[in-house]
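These notes concern the structure reproduced below.
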Amino acid sequence: MKCKCKQTFKICQQKSNLHFISLVPELSRKFSQFLQKLSLDFKVEENIVSLKIDNPKVFFEENFDALKTYFNSLELKEIKVYVENEQHKLSFSTILSAKPLEKILNFIEDKTFFDILENKSITSHFQPIIDMNNNSIFGYEALVRGVMPNGDLVYPDVLFEKSARNDMDFNFDRLCRENALKTTAVKKVDAKVFINFIPTTIYDPKFCLASTVKWANQLEFDPKNIVFEVVETQKVKDTEHLKTILNYYREQGFLIALDDVGEGYSSLNMIIDLKPDIIKVDRNIINNIDKDEMKRSVYKALRNLAMENDIKILAEGVETPYELATLKNIGLDYAQGYYFAKPAAEIIRQI
């Protein structure tokens, strides 16, 4: 098996023939009308609209707004683009590799993300996780930040949204894991480090996770100080494959945490199936738990399930002393949230 590893997409900048392909005749006619409005010369053969362009990248950049306005999102997905030049000749087999027009426009719109990915312009911020038994720092969650050329930061929700829509999750997720390990080593963190990973990007863990394990070993981490945190659990359909991934991590000596627990019924099934070392209770349950009996009931159930199966429980998103007091009253191993500290570039050594 292979990973969903893809080369960073680039748009050709040499003289080429652009072929716009659609299985829908009406859509091919609509694209012809679009080119007519641009006063461009083109030819049509069956459902393929073709034209010669000196620089495809410039063509798509200059007509970005017009294309987004003239065609709706479904049409942009349906129209496929093949760039033919000296290196890539048009044939039946090569047509199959044509890219949706939507992907090309996304690439142009998301240039900042691709620059961050190509230049590895990311850093990790760290949010402390508190051990409730002794009020000391148990560990830190490593949280990615993209870095713009001017120093401004791009937050993970934006980065992962761009990554997903450009099919770059594997590349970006791997970059984040490796950066977290390297930054942790540079900052001499002597505590648990929670590192997120997206399991749906991984086919064969021995191949896909090799570089992550290599860096962990090369940087001489104690494996038990690294906690790999499964994110997007609701999107994992193949639980058996996820078990294979987690077992590979466990074989290396790493710990496993399950994120966003309690967000949906599938999370409860995940606890039973995966038996993680730590469950992180979703912040939507923690928010105002002191005022909401239903949330307290859900948390109590998760706490009992964790205790019965020798699993530690961690509350995410703790923001008030009242939330913390309620959680401690029910039972809590670890806590994380703005009440203690926000994520920061510099490690907070003491709370």
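The values are calculated or read from the model by the stated rules, or taken from the named source; none is laboratory data. None of these values were measured; they are calculated from a predicted model. Cβ: placed from backbone, ideal geometry, glycine included. Neighbour counts: every protein chain shown. Ligands, DNA and RNA are stripped out before the accessible areas are found, and what is left, the full protein with its side chains, is counted by its heavy atoms. Shrake-Rupley method; radii C 1.70, N 1.55, O 1.52, S 1.80 Å.
Here is how the numbers come out for the structure above:
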read-out: With all protein chains modelled, accessible area of E45 [1.4 Å, Å²]; value: 130 Å²
read-out: Area accessible to solvent at F20, 1.4 Å probe radius, in Å²; value: 10 Å²
read-out: Accessible-area ranking of H88, H241, H125, largest first, probe 1.4 Å; value: H88, H241, H125
read-out: Positive-end residue, segment 1-139 charge dipole about Cα centroid, Cβ charges, pick of L67, V81, I137; value: V81
read-out: Cα-based shape type of segment 200-351, given that a ≥ b ≥ c are square roots of the gyration tensor eigenvalues and the cut on a/c is 1.5; value: oblate
read-out: Charge dipole (debye, nearest 20) of the chain; +1 at Cβ of Lys and Arg, -1 at Cβ of Asp and Glu; value: 520 debye
read-out: Where labels lie 7 Å past Cα in the beta-carbon direction, separation of S211 and K291 in nm; value: 4.6 nm
read-out: Distance from segment 16-51 to segment 301-323 (C-alpha centre basis), Å; value: 58 Å
read-out: Coil-residue trypsin sites (Lys or Arg not before Pro) of segment 79-173, DSSP, other Cβ within 10 Å capped at 14; value: K89, K120
read-out: Answer label for P(r) over Cα pairs in 20 Å bins from 0, in percent (calculated), chosen among [x] 27, 58, 14, 0; [y] 29, 52, 19, 1; [z] 26, 46, 24, 4; value: [z]
read-out: Accessible area, probe 1.4 Å, largest first, for residues T244, T239; value: T244, T239
read-out: DSSP-defined antiparallel bridges as percent of all bridges, the chain, nearest 5; value: 60 percent
read-out: Which of P199, N47, Q14, positive extreme of dipole for the chain (C-beta unit charges); value: Q14
read-out: Label-zone membership for segment 148-179, site A345, 7 angstrom Cα→C-beta point, backbone N under 15 Å; value: 148-155
read-out: Over segment 276-351: Kirkwood hydrodynamic radius from C-alpha pairwise inverse distances, Å; value: 12.8 Å
read-out: 0 to 90° range, to nearest 10: angle between helix 169-186 axis and the chain longest Cα axis; value: 40 degrees
read-out: Cα-centred dipole magnitude for segment 142-261, charges only on beta-carbon of K, R (+1) and D, E (-1), debye, nearest 20; value: 300 debye
read-out: Angle in degrees between helix 156-165 and the longest Cα principal axis of the chain, rounded to the nearest 10; value: 40 degrees
read-out: Net charge of Cβ neighbours under 14 Å - reference I79; Lys, Arg +1; Asp, Glu -1; value: +3
read-out: Rounded FRET efficiency, nearest 0.05, which uses the C-beta distance separating L51 from Y155 and R0 of 41 Å; value: 0.55
read-out: Net charge of Cβ neighbours under 11 Å - reference R165; Lys, Arg +1; Asp, Glu -1; value: -4
read-out: Rg/Rh ratio calculated on Cα atoms of segment 63-175 (Kirkwood radius); value: 1.16
read-out: Stokes-Einstein diffusion coefficient of segment 123-167, Kirkwood radius over Cα pairs, 10 °C, 1.306 mPa s, in µm²/s; value: 127 µm²/s
